[in-house]
Each structure stands twice: as C-alpha cells, then as structure tokens.
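Okay, structure first, notes after.
The values are calculated or read from the model by the stated rules, or taken from the named source; none is laboratory data. Every value quoted in this text rests on a predicted model; they were computed, and no experiment measured them. Because the Cβ atoms are built from the backbone with ideal geometry, glycine has one as well, and the counts that use them run over all protein chains shown. The accessibility values were calculated without ligands, DNA or RNA, using every heavy atom of the protein model including side chains. Shrake-Rupley method; radii C 1.70, N 1.55, O 1.52, S 1.80 Å.
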Amino acid sequence: MTHENTTRTIDAPPSSSDSWPTLPIIHGTSDTSVDAPEAIEVVGNQAENLDLVDLTTAEPSESQVSRTVQRPATRGWGRLHYGWTALQRAARFPWTLYRARQGAVMPPRLLTHTVTFGCNARCVMCDSWQLSTTGDLSLEEIEHIYRQLPPLDAVRLTGGEPFVRTDLLEIYHAAIRHLKPLFVHISSNGFLSQRIVNFCQERDRTVPLELAISIDGVDDYHNEIRGSRSAFRSAWKTLEALAPRRKELNLHLTVNQTVVNDQGLQQYKLLQERLKSLNIEHHLIVAYAESATYSLDRDRRIDQTEFATFSELTPAKVAEVLADAEQSASHLPWFRRRLRLNYLRGVADRILHNRSSRPKACQALHAHLRLFPNGDVPVCQFNSQAVGNLRHQSFAEVWASATAADQRRWVRACAGCWAECEVAPNTIYTLDFHRSANA
C-alpha cells in the first residue's frame, strides 16, 4: 500500500425520488476534485467536498442540516426481548460451535459492513481514502439487504471512516431492527467528535456498543501516521467526551493502536500512560504490509505465506512491547483477555519465531459475512474478489452460489493469516485458541 498526495475525482450518484423516508435529502456536488489536504464527508450515500484547514473535525453546515428530513424516533428493542434473545443464542451456541469447527456452510453469525471507503484521514498504511464513494449503497438499499439476512450475534460497522456517512445512525437502527445483534462494534478515527457523541446519545441503547477509536501514538506522531495535524487532538476530544458517560450510554470504549514501524512500538508506553487517566482499554495491532480490502486494486487475492509487516520491525522491541501488552491485558474480563492473549501470542510466534499454524476452520464466508459499500460480498481481509453483489442479487442466491463455494475452497486451503479482524471471529466460533495462549 502506498501513501501519495494525489488528486482523485469522485462523482456523486444521482438521488432517487423514491428514497427511504429517513434518508437525508442532502446532495454532494458531482465530479468534485479532492486533494490530499482536504477531506471527504459522505452525506447520506453521496460524497461532498469539505473545505478544511484543520482536518476533518467539521460538522454538517446549517444549510445541510436545514435540508435534512426530520428523523423519527426509533422504537427500542426492549431489554426483556434483548435478554430473552441472548439466552436463546447462548443455548444454540454449542451447535453453532460444532458446525463451525467442522467447516460447515451455515448462515452467517457476524457481519462486517464497510459502509463507505470514504475517509477524512490520510493514513500511511491505508489506501481507503483514495477509493471512490460513487455507488455506495443508499440507506434504502442497505435496509433491503439487512431484511434478507438472518439474525446475527454481532454487527461491525466500519470504513473508511463510518461517521462520514451522515445516515450512520439510521444504518445502525436498521441493523438493530432487522439483524437483532447482541452487540454492535464501530471502528472510527474519532475525528468528528460532536457527531460521534450525538450518535452515542441518540442510538437505541438497548444493545451494547463497542466503539474502537484508532490512536497510533501521542501528539505529532499520531498526526503524522494519520496525515493530519489535528488527528490526535480530535480523537482525544472524543475520548474525553465519552469516557465519563460509558455506563449511561451502554458503551464500551477501546483504543486501537496500529503499529507500522519501530517508532510506533516506542509509542506504546507513552500512549498507555495517557490512557490511564481515562481508564480506557488499549489494544495493540501490528499492521500487515498489504490488505486486499483497502487496495486500489479492487479484485485482489493475497495468498498468505508469511506474516509480512508494513515495515521491518526490530525483534527485541517487538518482544518488549508484546510483553507489556500481555501484562496490560491481564486485568480484562476472562474471555476478552483470552482473545487478546491469543492475538498477541500469535503475533509473537510469527514475528519472533517465524512460526505459524493454520486455523482450525477459518470463518470467512462461513460464520463471518463481509459487505462492501457497493453491495459486493468479498471473501476476507486479504481476498476482495466478490462472490456476488447484494444490490443486484438476493442473499440466498449469493450465499449458495458456485462462486461462493469455489472461494470457500480457497479459504479452507489458506495457510491462515493473523489479522485481528479475521482471527477474532475464527477464535470465537471455533474456540480454537492459539496453543501458547492456553498456557
């Protein structure tokens, strides 16, 4: 992946006259040229150029707000219904676990929905911000897709930067209504502080929300990695606004630190010290050299033969930071601790000992369903080849297709990656913990 200050052109799709009633009636300008110092805000499902001097902390303008349809109150799921559903899912889990460990094709249990590739950051390790938002699914189309999916244990809304979509709250509520998840996970760079806080306040709080804010170090280092002079200040403002209200908002806050170089390893303790004042969980993630999901090549498959990091890391520094991260994870609840140790020890084996193992049964295109902004159903983080498109095909047709079957054979033959977004679902639905994590 590359980080280039190139100019790209984004064409905003035409609006639909019969759009879903809650879709904001806000239209971005078509054929707008966006340079690297500026940022994209996806308004509804359309791209709008924001003239930003200090990165993307801007909120919708008054003219944009005045052209937005009033959002109706959302009917909550209800705690009794939620509790009863959780008990039913728990009772079915042993059967789900058995089938997942056998590699059986079954209805998905987890959805990772990339709601847009549009992003208001310019990260050195990601090309998402260079990808077009033309053709992103509208709210009406997303709701149509969600209606076809089975009830899910969890829904992850991600990007790009998901909060650049001004209809993210409606997407969230559509997921709650139709998919009945036991929790929702959202990954964000934290730049749009007020919008994020408003989202947390206005959402149906029956379902727990895990909000992961990306911070790769403190102050100027994080700004450099994220391509903005106010990246750290904006993300920290978001954390400070939400941390005291976690219980009230039924919110679990985490910080994901993505390590791309040795300097990032040195930032681990500095960031950990800053986070102590807010008592926020700190996750360490080691960046891969390449990702098919965020590649400019939209039809890509990266066969997993080794754990190739974004840049060469000094083994001694890796060992020291991983040991610190393990110690930091020791206070977490039992299952979260097991998941963290599983990931960290797998990283240690691959980087420090050049040793890896194939997962018991990778859940890509099995328990784990991915959905791209345009409706494509890819295979996994490292295989963006689409097995179908839910804008044009039914879910049942795509899930049972010959193309999906062929890609599942590729999944079963894969040597196995160690990207956390793939490792966690595999571990949860097979309980196949890395062997050293059983120590």
Label-point separation, residue 324 to residue 99 (7 Å along Cα→Cβ), nm: 4.4 nm
Neighbour net charge for residue 411 - beta-carbon separation under 14 angstrom, K R +1, D E -1: +4
Filter on 247/276; 180/237; 276/317; 180/247; 247/269 - keep pairs with C-alpha separation over 29 Å: 180/237
Ratio Rg/Rh, restricted to segment 317-439 and using Cα atoms, in which Rh is the Kirkwood radius: 1.05
Accessible solvent surface per residue of segment 158-307, calculated while the other protein chains remain in place, 1.4 angstrom probe, Å²: 35 Å²
Over segment 158-313 - Rg/Rh using Cα atoms and the Kirkwood inverse-distance radius: 0.98
Distance (nanometres) between label positions extended 7 Å along Cα→Cβ at residue 357 and residue 308: 2.6 nm
3J(HN,Hα) from dihedral phi, segment 297-308, Karplus parametrisation 6.51/-1.76/1.60, rounded to Hz, x for glycine, proline: 7, 7, 10, 10, 10, 10, 5, 8, 10, 7, 8, 8
Estimated vicinal HN-Hα couplings, Hz - segment 390-402 in sequence order (Karplus 6.51, -1.76, 1.60; Gly, Pro = x): 7, 6, 10, 10, 6, 4, 4, 5, 5, 5, 9, 6, 5
Rounded to whole Hz, the Karplus (6.51, -1.76, 1.60) HN-Hα couplings of segment 136-147, x for glycine and proline: 4, 4, 7, 4, 4, 5, 4, 4, 4, 5, 4, 4
Rg in Å to one decimal, and Dmax rounded to a whole Å, for segment 219-281 via C-alpha atoms: 12.5, 38
Centre separation in Å (Cα based) which lies between segment 285-330 and segment 390-429: 21 Å
